[in-house]
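Student: What follows is a single structure, and I will ask about it in a moment.
Throughout, read-outs are computed from the coordinates displayed, never taken from laboratory work. No experiment lies behind these values; they were computed from the predicted model shown. Cβ: placed from backbone, ideal geometry, glycine included. Neighbour counts: every protein chain shown.
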Amino acid sequence: MSEDPKPQKQQTGFIFLAFLVLFLGMLAVALKPQPQMTQEQISVTVKETTLSGITLSEEEYTQDDLLNNIDNFVQTPLGGVNWQVFGKTEAKAYKFKTEDGYDMEGVRPEFTPDIKALDGNDILIQGYMFPLDQEEDQKLFLIGPFPLSCPFHYHVSANLIIEVHAKDAIPFSYDAINVSGKLELVPQDDEYNMFYRLKDAKLVK
């Protein structure tokens, strides 16, 4: 007898909804206007949590605090790029009008010379997938230095998120993966406030 596919579809739908809620929360953080932000001003508050031997108390964490903890979750693959290079991009708030005449606010990147030198080049990076649809195989997804279960994940800004466009669909994984592709810097993205895209990306095992 064949198994009833309904429970599996229901479970998949639930996981997708959970990811969607997390994604919207992450975008809310990235879209929050923060005029003339510096590395020290990008801060978050987290409750006391212990994971992987790291204790986070209820106090402010700066962007530097996030960057200093990246190596506890991902490694820089041989020949790869460290997330620190991306994390040094600053976000500058700006206002604009939509085609319908609505006033909106967003953030634009202020790229460093180090990240500008990688624009248009093939890079290799390790990170955790954030799926954008409920399919097992993902052709478009986000990648960042912290897993979904990590408190840091909810506080990353656009400078620690890469929009990945895979050449062939990549199976979703809760573990960190290595991906390579052509890096594209995005100086302005009014819709999603993305700073980076990885084109023709592929899984590197």
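Student: With a cap of 10 neighbouring Cβ atoms within 10 Å, and only residues DSSP puts in a loop, list the GluC sites (Glu not before Pro) found in the stretch 69-117.
Tutor: GLU99
Student: Amide H neighbours of LEU132 under 5 Å, at least 5 residues apart or on other chains, H built in the peptide plane: list them.
Tutor: Distant-sequence amide H within range of LEU132: LEU142.
Student: While we're here: Please give me the summed charge of the neighbours of LYS139: other residues whose Cβ is under 15 Å from its Cβ, Lys and Arg +1, Asp and Glu -1.
Tutor: -3
Student: A further question follows. Determine, for MET194, MET129, MET104, the number of other Cβ atoms within 10 Å of each Cβ, and report the residues in order from fewest to most.
Tutor: Ordered by Cβ neighbours within 10 Å, fewest first: MET104, MET194, MET129.
Student: If the limit is 30 Å between Cα atoms, which of LYS116/LYS139; LYS88/LYS205; LYS92/LYS205; LYS88/LYS199; LYS88/LYS202; LYS97/LYS202 go over it?
Tutor: Values: LYS116/LYS139 25 Å; LYS88/LYS205 27 Å; LYS92/LYS205 36 Å; LYS88/LYS199 21 Å; LYS88/LYS202 25 Å; LYS97/LYS202 36 Å.
As for pairs spanning more than 30 Å Cα to Cα, those are LYS92/LYS205; LYS97/LYS202.
Student: Also: Give me the net charge for the shell around THR112: Cβ to Cβ below 12 angstrom, other residues only, Lys and Arg +1, Asp and Glu -1.
Tutor: -2
Student: Tell me the chymotrypsin sites (Phe, Trp or Tyr not before Pro) within the stretch 98-198 that lie in a loop according to DSSP and have at most 16 other beta-carbon atoms within 10 Å.
Tutor: On the way: sites: TYR102, PHE111, TYR128, PHE141, PHE152, TYR154, PHE172, TYR174, TYR192, PHE195, TYR196; in loops: TYR102, PHE111, PHE172, TYR174, TYR192, PHE195.
For chymotrypsin sites (Phe, Trp or Tyr not before Pro) across the stretch 98-198 that sit outside H, G, I, E and B with at most 16 neighbouring Cβ atoms in 10 Å, the list reads TYR102, TYR174, TYR192.
Student: Also, quick follow-up: List, in order, the whole-Hz ³J(HN,Hα) value for each residue of the stretch 184-200 obtained from phi through the Karplus relation with A = 6.51, B = -1.76, C = 1.60 and θ = phi - 60°; use x for Gly and Pro.
Tutor: 10, 7, 10, x, 8, 9, 5, 7, 10, 6, 7, 9, 9, 10, 10, 9, 6
Student: Okay, next question. Please report the relative contact order for the stretch 60-150, taking Cα pairs under 8 Å with a sequence separation of at least 6, and give it as a percent rounded to a whole number.
Tutor: With pairs under 8 Å counted, the relative contact order is 28 percent.
Student: Please list the non-local residues whose amide H lies under 5 Å from the amide H of ILE170, H modeled 1.01 Å from N, same-chain partners needing a gap of 5 or more.
Tutor: GLN138, LYS139
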